[in-house]
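The structure under discussion appears below in the form of structure tokens.
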Amino acid sequence: MKIIEDLNLQFKEVEFICKCGERKKEVMLIEGDYGFQSSHCESCGRRNFVEYESGLLTVKSV
């Protein structure tokens, strides 16, 4: 069994704008320099895929 002693986990609050124009805030779990979150917009119903990598936030809407 392999035991991981040092985990680099943190929670970050990120803010982004949906394609409909609504501002959203989400709390993401970041491991190292990478995190991923799926979010649903209440205004337009779109699914937003939010990716955080090395300080850069990317949002893709479906």
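The values are calculated or read from the model by the stated rules, or taken from the named source; none is laboratory data. No experiment lies behind these values; they were computed from the predicted model shown. Ligands, DNA and RNA are stripped out before the accessible areas are found, and what is left, the full protein with its side chains, is counted by its heavy atoms. Shrake-Rupley method; radii C 1.70, N 1.55, O 1.52, S 1.80 Å.
Here, the chain yields an orientationally averaged convex hull projection of 5.1 nm² when only Cα atoms define the hull. Between segment 7-31 and segment 32-51, the alpha-carbon centres lie 8 Å apart.
Surface exposure of the chain, expressed per residue as accessible area with a 1.4 Å probe, stands at 77 Å². Derived scalar couplings between HN and Hα for segment 49-60 equal 9, 9, 10, 10, 9, 6, x, 9, 9, 10, 10, 10 Hz in order, rounded to whole Hz, by the Karplus curve 6.51 cos²θ - 1.76 cosθ + 1.60 (θ = phi - 60°), x for Gly and Pro. Largest accessible area first, the residues C41, C20 order themselves as C20, C41 under a 1.4 Å probe with ligands, DNA and RNA left out.
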